[in-house]
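The values are calculated or read from the model by the stated rules, or taken from the named source; none is laboratory data. The structure presented is a predicted model; accordingly, all values stated were derived computationally and were not measured. Cβ atoms come from the backbone with ideal geometry, glycine included; neighbour counts cover every protein chain shown. In case anyone asks, the SASA skips ligands and DNA or RNA and just uses the protein heavy atoms, side chains included. Shrake-Rupley method; radii C 1.70, N 1.55, O 1.52, S 1.80 Å.
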Amino acid sequence: MSVAIERRDRVTVVTIDRPDVHNCVDTDTAQALEDAVRSFDADDALRVLVLTGAGKKAFCSGADLKDPPRFRDAGPMGITRLEVGKPTIAAINGYCFAGGLELACWCDFRIADATASFGVLNRRWGVPLIDGGTQRLPKIVGLSNALYLIESGVRIDVEAALRMGLVQEIADDPLARAIELAERIADYPQASLLADREGAIVLDGIEAERVRGEATVGIDEMREGLERFRTGDRPAPPPT
């Protein structure tokens, strides 16, 4: 299975389980993520979801560009257009790039370890953000920080991500810490917590992002960029 699900009392841990390809998401993985999240949201006994990636090298490196997930109502990465009514936490180690960063931003907040690195690396191959990145990232880190990442395609380490507010805590074991926080959140009275969460999260630009981003999919420069990726051509990162 490309996605593993573990229930811990009132907490569900959803793990992208493709460590051999840095947990990138293909069509089957996107569907498995959607199924897992919909099941969590529909179960009144479950209160908090933790999203993570298998292994030590990656949370999620983005869409599988060799077998990319299809357009879907829930978002190409499987879950990014779902409006879940309960708290979600990302536990991040290693790579968190492109669509993987969009998955992390879909979560309410992010716990990462010292190995974590982040970036809109899809910029280098002409692939747009169509999983909520243009809407959630500015709200999380501020407009200028978001545009810095979106336009430059730079890769940042966890300390820079912490300074931006992209990461809320650095932990030796981000999954254990995320579960610890999830269990505490699950113990709180839920009605006011969920009302406050809903009020804070409201987004109105996801559909506009979809329309603009999908219009760039399949144009010549994106096809050329994907062909470079398939042949192992990696553009030089921006100077630091």
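Take the convex hull of the alpha carbons in the stretch 1-82; its mean projected area over all directions comes to 5.1 nm². Each label was represented as a point 7 Å from its Cα along the Cα-to-Cβ direction; for K56 and D172 these points are 1.4 nm apart.
Only Cα pairs under 8 Å and at least 6 apart count here; give the relative contact order of the stretch 1-60 as a rounded whole percent.
Working: 93 pairs, mean separation 26.8, N = 60.
Computed over the stretch 1-60, the figure is 45 percent.
Within the shell of other residues whose beta carbon sits under 12 angstrom from the beta carbon of P237, the net charge comes to +4, with Lys and Arg scored +1 and Asp and Glu -1.
Share of carbon and sulfur in the accessible area of the chain stands at 51%, probe radius 1.4 Å.
Counting only protein chains, not ligands or nucleic acids, how are R123, R155 ordered by accessible area (probe 1.4 Å), most first? Write down the numbers at each step before the final one.
On the way: R123 80, R155 130 Å².
Per-residue accessible area, sorted high to low, gives R155, R123.
At 222 nm, what helix-only mean residue ellipticity would the chain give, in deg cm²/dmol to the nearest 500, using -39500 (n - 2.57) for each DSSP H run of four or more?
On the way: 9 runs with 96 residues, N = 240.
-12000 deg cm²/dmol, from helical runs alone.
Structure remark: mean-square fluctuation, Gaussian network model of the chain, C-alpha springs under 10 Å; the largest value among A146, A215, A98 belongs to A215.
Once Rg and the Kirkwood radius are both taken over the C-alpha atoms of the stretch 121-226, their ratio Rg/Rh works out to 1.05.
Probe of 1.4 angstrom, ligands and nucleic acids ignored: what's the accessible area per residue over the chain, in square angstrom? Could the numbers behind the result be given before it?
Working: 11480 Å² over 240 residues.
Each residue of the chain exposes 48 Å² on average to a 1.4 Å probe.
The gain in end-to-end length when the T231 to S39 segment is fully stretched comes to 65.3 nm, 0.36 nm per residue minus the alpha carbon separation. Among the GluC sites (Glu not before Pro) within the stretch 1-100, those in coil by DSSP and having at most 16 neighbouring Cβ atoms inside 10 Å are E83.
In sequence order, the stretch 8-24 has phi-based couplings of 10, 6, 9, 10, 10, 9, 10, 10, 6, 10, 9, x, 5, 10, 6, 6, 6 Hz under the Karplus curve 6.51 cos²θ - 1.76 cosθ + 1.60, θ = phi - 60°, and Gly or Pro positions carry x.
For the chain, the longest principal axis of the Cα atoms and the long axis of helix 143-152 meet at an angle of about 40 degrees. Most simply put, the chain has about 30% antiparallel DSSP beta bridges, counting only bridges with both residues inside it. Against the longest alpha carbon principal axis of the chain, how many degrees, from 0 to 90 and to the nearest 10, is the axis of helix 27-42 turned? Here the helix axis deviates by roughly 20 degrees.
Just checking the listed ones, R47, R197, R124: in the Gaussian network model of the chain with Cα springs under 10 Å, the one fluctuating most is R197.
Relative to the compact-globule scaling 2.2 N^0.38 Å, provide the ratio for the alpha-carbon radius of gyration of the stretch 47-205. Each step should come with its number before you reach the end.
Working: Rg = 15.0 Å, N = 159, 2.2 N^0.38 = 15.1 Å.
So the stretch 47-205 has a normalised radius of gyration of 0.99.
Between E224 and D67, the FRET efficiency from the beta-carbon distance, with R0 = 22 Å, is close to 0.70.
For the chain, the longest principal axis of the alpha carbon atoms and the long axis of helix 190-201 meet at an angle near 20°.
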